[in-house]
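All of the numbers you see were taken from the coordinates with simple rules; none came from a lab. What you are looking at is a predicted structure, and each value in this text was computed from that prediction instead of being measured. With ideal geometry, Cβ positions are generated from the backbone for all residues, glycine too; neighbour counts draw on all protein chains shown.
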Amino acid sequence: MSTLATEKLYRMLGMYEVLTDIKSDLESLFTGYARNFFSFEVTSIVAQLGNTIRHLSMQFWIRIREGEGRRQRREEGFVGTLLRCSRVTAVVA
């Protein structure tokens, strides 16, 4: 999983959290048709984001499992897959 893909995952998680937090606030701003429209749209977007996040997370864990036995030789010793992934994540965050 590239650095760009992990960056996308963090952005999507942020969008997911914000949308779930503001859904009730959006609903309280509108009435009637507009309220139903925004409620449906936010619910739909949250569901799509959830599915995409789930898919990216699965790809991330598959990559970790595939590389579990492999190690990368470095001057200071061997670096396992989990350590490499955590370094990438730390750079993105």
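Some values worked out for this structure:
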quantity: Whole-percent pair-distance distribution, where bins are 10 Å wide, for the alpha carbons of segment 1-62; calculated: 22, 42, 22, 12, 2
quantity: Estimated vicinal HN-Hα couplings, Hz - segment 45-52 in sequence order (Karplus 6.51, -1.76, 1.60; Gly, Pro = x); calculated: 5, 4, 5, 5, 4, x, 5, 5
quantity: Projected label distance in nm at L13 and R54, using a 7 Å step from Cα toward the beta-carbon; calculated: 1.8
